[in-house]
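Undergrad: Here it is, the structure in full.
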Amino acid sequence: MDRAVAASQTGAAGIKSGILMVHGTGETFKNIVEAILKLSAQIKDIAASINQMAEGNQSLFTAIREIEAVGKTSAAESQSISAATEEQTASMQEIAASSQSLAMLASDLQAAVSKFQV
């Protein structure tokens, strides 16, 4: 009977040890689940940040395209202004040359008229 009691006590101690081990394992799994939940929340935050950055990049890309379009328009208008300025300069040079010719013609005419003066 002593053996039976000893065996029973040994079995009970083993069962108690097993129960403690199961509780410890349960606590470990609980800690793992909490860590996974925290990690999941961090991943969601990171994903939200990435989405915001992507939206910001898209806005920046759109703004750069608009600036590029304005730059191209300004360049085209500058070329038009430059061409018009060149045309005006050429016209002014023609007017100056014509004025000089007219002045010479007037001088020649005045010399011719002075011969006929009495």
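Undergrad: Which of the following residues is modelled with pLDDT of 85 or more and either of a type in the set (A, V, I, L, M) or under 32 Å from the mean Cα position of the chain (by Cα) (or both): S82, S74?
TA: Checking each option against the conditions leaves just S74.
Undergrad: Kindly evaluate Q52 against the criterion of being part of a helix (DSSP H, G or I), more than 19 Å from the chain's Cα centre (by Cα) and of a type outside the set (D, E).
TA: No; evaluated as a whole, the condition is false for this residue.
The values are calculated or read from the model by the stated rules, or taken from the named source; none is laboratory data. Keep in mind it's a predicted model, so treat the numbers as computed, not measured.
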